[in-house]
Amino acid sequence: MSHYSYFNKYITNPIKRYGFVGDGRQAMLRLKRKVLDSIMLRRTKVERAADVNIPPLENNVQMLELDDYEKVETFVSLSASYVD
């Protein structure tokens, strides 16, 4: 069996037929497992430090006073993000 036939039979056709559910989902997982995981490289900041001069991460915490309107707006926007 050629590579083209395998790819169409087990990956392309199920995704076209079923989308991302059932056999289509299994085909997407197969694509990730058998194809993408073998060709994608994962590089960390430590590995690339010599090539790319990335500054160290800085966290600055500042205490701010919010008025009542800002408190309500912040609460509403945070609540909406949990619902979505």
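The values are calculated or read from the model by the stated rules, or taken from the named source; none is laboratory data. Note that the structure is predicted; figures quoted are calculated from it, not measured. Cβ atoms come from the backbone with ideal geometry, glycine included; neighbour counts cover every protein chain shown.
Quick look at the values:
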quantity: Number of positions in region 25-51 that are touching a residue at least 24 places away in the same chain (Cβ under 8 Å) and more than 30 Å from Pro14 (Cβ to Cβ); calculated: 0
quantity: Residue match in region 64-80 (condition: of a type in the set (A, V, I, L, M) and outside any helix (DSSP H, G or I)); calculated: yes
quantity: Test: residue in region 33-41 that is of a type in the set (Asp, Glu), outside any loop (DSSP other than H, G, I, E, B), exposed (fewer than 11 other Cβ atoms within 10 Å of the Cβ) and under 24 Å from the mean Cα position of the chain (by Cα); calculated: yes
quantity: Extreme residue, farthest from the chain's Cα centre (by Cα), among residues of region 6-29 that are assigned to a loop (DSSP other than H, G, I, E, B) and surrounded by 10 or more Cβ atoms within 10 Å (Cβ to Cβ); calculated: Gly22
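The rows are residues; the columns are (1) modelled with pLDDT of 90 or more; (2) surrounded by 10 or more Cβ atoms within 10 Å (Cβ to Cβ); (3) not β-branched (Val, Ile, Thr).
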position	(1), (2), (3)
Leu31	yes, yes, yes
Glu47	no, yes, yes
Val52	no, no, no
Asn59	yes, no, yes
Asp68	yes, no, yes
Lys71	no, yes, yes
